[in-house]
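The values are calculated or read from the model by the stated rules, or taken from the named source; none is laboratory data. None of these values were measured; they are calculated from a predicted model. All Cβ positions, even for glycine, are placed from backbone atoms using ideal geometry, and neighbour counts span all protein chains on display. Each accessible area value is taken on the protein alone, full model and side chains, heavy atoms only, with ligands, DNA and RNA left out. Shrake-Rupley method; radii C 1.70, N 1.55, O 1.52, S 1.80 Å.
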Amino acid sequence: MQFIPYFLLSVAAFLSFIAGAVIIRLAPEEQKPLQKYLILGKRAALALMFLFLIFFYVLDMTVLLLAASLLVAAVFFELKTREGTRKAAEIYAMLGIVFFLSIPNANLLAINTSLIFAYGMMTSSIIFDRDYIRAAMPGLSFLIIANLLFAVNYHFSSLI
C-alpha cells in the first residue's frame, strides 16, 4: 500500500473525534442519558477490532501474540481507568498499532478503519466538554503512531 491512501485512511479514522464532538455539541442534553450506551458501544467496537485482527492472523503466530497482548492491555485500560482524554490517548495509541497491522489485508483494513471511526465517535461523545482541540488530542496519538509505523516500515523495506 502506498503512503498517501494509508495516510488518508488514518486521517479519516482520526476525524471521528471531531465528528463525535460535533454531534454532542448539537445535542449536549443527550450526553448524560446516553453515556452507558456509548461506553457499551465503544467496548464492543474495541473487542470486535481485536477479534477481527486475531481471526485474520490466526496462522501468523507473531502477529497473533502481538494482537493478544494488545488486547489484554486495551481491556485493562478500558476497564480499570476512568473515562478521560488520557485513557482515550492510551487506547488510541494501541489502535494505531492495530491499524498498522491491518495493512496486508484490505478487508481487515476496511473493517478496522470503520470500527476505529465508530470507537472514536463514541469516545469523543463521552469526553467532549466544549473544546474541539482537547477533544481531538487523543486521536493525535493514533495518527502519529499509525503513520510513524508505516513510515519506518516503508523506509526499512525500501533499504533491503
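Brief remarks on what is shown
- Scanning the stretch 21-46 for residues that are open to solvent by less than 40 Å² (accessible area, probe 1.4 Å) and either in contact with a strand residue (DSSP E or B) (Cβ under 9 Å, 6 or more places away or on another chain) or modelled with pLDDT of 85 or more (or both) returns Leu38, Ile39, Gly41, Lys42, Ala45, Leu46.
- Checked against the criterion of being of a type outside the set (S, T, N, Q) and within 19 Å of Ile24 (Cβ to Cβ), the candidates Ile54, Ile116 yield just one match: Ile116.
- Members of the stretch 51-83 that are closer than 12 Å to Leu101 by Cβ and in a loop (DSSP other than H, G, I, E, B): Tyr57, Asp60
- Pick from the stretch 127-142, criterion buried (at least 19 other Cβ atoms within 10 Å of the Cβ) and either modelled with pLDDT of 90 or more or not small (Gly, Ala, Ser) (or both), ranking: nearest to the chain's Cα centre (by Cα): Phe142
- For Tyr57: the one exception among (1) touching a residue at least 24 places away in the same chain (Cβ under 8 Å); (2) more than 15 Å from the chain's Cα centre (by Cα); (3) open to solvent by 40 Å² or more (accessible area, probe 1.4 Å): (3)
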